1. Looking at the chain, what % of its DSSP beta bridges pair antiparallel, to the nearest 5?
2. Taking a threshold of 31 Å on the Cα-Cα distance, which of the pairs K121/K566; K124/K381; K82/K196; K124/K242 fall above it?
3. For S512 and D474, compute 0.36 nm times the residue count separating them, minus their Cα-Cα distance, and round to one decimal in nm.
4. What per residue convex hull volume, in Å³, comes out for the chain when only alpha-carbon positions are used?
5. For a distance above 22 Å, tell me the whole-number percent of Cα pairs in segment 346-584 that qualify.
6. Once label points are set 7 Å from the Cα along Cα→Cβ at both K581 and E558, what is their separation, rounded to one decimal in nm?
7. When the expected Rg is taken as 2.2 N^0.38 Å, what fraction or multiple of it is the alpha-carbon Rg of segment 202-243?
8. How big is the accessible area of S512 in square angstrom, nearest 10, if you roll a 1.4 angstrom probe over the protein chains?
Amino acid sequence: MKALRHLNKYFWKYRFRFVLGLIFIFTSNIFGLYPPIYIGEVFNIISDAFGNKNSLDETNSALIKNQLAYYAFLVLAFAVCKGLFMFFMRQTIIVMSRMIEYDLKNEIYNHYQKLSISFYKRNKTGDLMNRISEDVSRVRMFLGPAILYTSNLIISISLVIPKMISISPKLTLYVLSPLPLLVIAIYKVSSVMNKKSEIVQRQLSKLSSISQETFSGIRVIKSYTQEAFAQNQFMNAAEDYKTKNLSLVKVNALFFPLMILLIGLSTLFTIYIGGLEAIAGNIQVGHIATFVIYVNMLTWPVASLGWVTSIVQRAAASQERINEFLREDPEVKNNTTESTKIEGDIEFNQVSFTYSDTGIQALKNVSFSIKQGETLGIIGKIGSGKSTLAELLCRINDPNSGTISIGNKNIKELNLFDLRNAVGYVPQEAFLFSDTIYNNIAFGSHNSDDNTVYRAAKQAGIFENIMGFKRKFDTLIGERGITLSGGQKQRLSIARALIREPEFMLFDDCLSAVDVETEERILQNIKTESKNKSCIIISHRASSIKHADQIIVLKDGEIIEHGLHKTLMDLNGEYAQIFNKQLVEGKQ
Ligand SMILES: Nc1ncnc2c1ncn2[C@@H]1O[C@H](COP(=O)(O)OP(=O)(O)OP(=O)(O)O)[C@@H](O)[C@H]1O
Ligand SMILES: [Mg+2]
């Protein structure tokens, strides 16, 4: 239950709406309080008028008809007013719950964006999505319906019960005694219902992840002719889903009949005991009618107490799951709010990094420096730590030991956002959004226009390609759009990095799917455009980096060779081996 305290700040934010809602609940209950009494009065009038006789005389009959019309009008007027205020109460409390839901979703989303990449590696995407949709909507059930019904219950109990006691304390005691039983029964049923619907929900997400995986892997499935296997897998999961759902439906079907049975029983009880009391002369006949209506008025909110309890439990569990993520601190923090200029030499000093989740040490005591405007080439076998090094420079991760500095300042002291803005990082895996080509390139910059987008596309050597598409820059990519080739994707993501005119270039093997000539042309473009800008080029191809001002060869996270192309060739070590091998294979 403690978890729900997180919501207090939102209650405070919407306090006026909340209090207004309570006032509306109170008012609607007041309007509900009197009609049962009027109806009771009507019964009394009729039973008094007839007395022991079987008929009425003319004058008496007209008088009674008037009285009845008067009470009928009152009952109607009160019902209309009650309805009106019920409308208002939903408009305030339920609307408040929707507003808090909106705020809470934004709060979570905002927090997600701050968290480091390692958080995303630890948690599944489905889980992140669930907390922002499924869990938040459970919390909303608490904020809206649960609060509404509970306040309604408290208010109606505190209004109706004193009224009942004022009529007959004894009858009140009798007719209210079965209510706790009702609460327990409804609580039990709704707990079972919730448990079952949770199971159904889990199975549903399993089903959707199976189909999602099938659709995204459809090429592999088709080329390995595994359609029947995929179909089977889906069918089994769907069968499971059906069985679980049917079992939920069974309990669901039980819920309302049970409720109506229990309410019917308490009505019966009221009439029986009320009848005995009226015969004994302790109450009037009309009071039985009043009590029947009151008991009906109370049973619904009281029965909903059982339902509300299970909603609150679920909401608390959901909020706890949400809090768990909200408590996560970003591992990479921005340590200054002031903006800092990012320029100067880049220096790695004894940098080591271990991935905490797998314990793999990806970099060991790596040191080098790049003068402003120089180009560094990095080469090394698969898994030698190249991408890790690139990620450390844009502070996607922070090193465990050693320092990275730019212009003699530790990058941890620089403004994180300025740093990331200054680095034109093209990651190893080109990721494009399902949007137009134009927007995908413009994404890189805050103030782009047609000219800058076209220029970036030209520099990245993809302009002609794009103009060849029917819709040119308006071509949609990805879902519902065209699928680009590997090389096109890579060049598009280079254009996205170039458009921001960064201070540094950081290319992580992002030309691997481009032929050697195009690669040379792109690198040449970039070099002439950014004369005074430092550049780090990571590649598996020795040809891409042979012109660099210095070359680093990484092996198992360590620098094993370092120098100019010529020096390394003379050394005749790992680099020379890679270069000669690729020369023979015709990769250069
Ligand atoms: N997110 C991660 N969590 C745990 N271990 C990782 C993670 N990313 C990489 N590693 C490990 O760190 C080591 C270095 O990986 P890295 O991606 O830096 O290699 P790389 O040189 O870029 O390889 P490639 O040439 O294939 O791109 C590898 O052993 C890899 O398994
Ligand atoms: Mg890599």
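The values are calculated or read from the model by the stated rules, or taken from the named source; none is laboratory data. Here the structure is a predicted model, which means the values were calculated and not measured. As a convention, Cβ positions derive from the backbone with ideal geometry for all residues, glycine included, and neighbour counts pool all protein chains shown. The area values use the complete protein model at the heavy-atom level, side chains included, leaving out ligands, DNA and RNA. Shrake-Rupley method; radii C 1.70, N 1.55, O 1.52, S 1.80 Å.
1. Counting DSSP beta bridges with both partners in the chain, the antiparallel share is about 50 percent.
2. Too far apart for the 31 Å limit: K121/K566; K82/K196.
3. So the chain would gain 11.1 nm between S512 and D474.
4. 224
5. Cα-Cα pairs of segment 346-584 separated by over 22 Å account for 54 percent.
6. The modelled label-to-label distance comes out at 1.9 nm.
7. Taking the Cα Rg and dividing by 2.2 N^0.38 Å, one obtains 1.16.
8. 60
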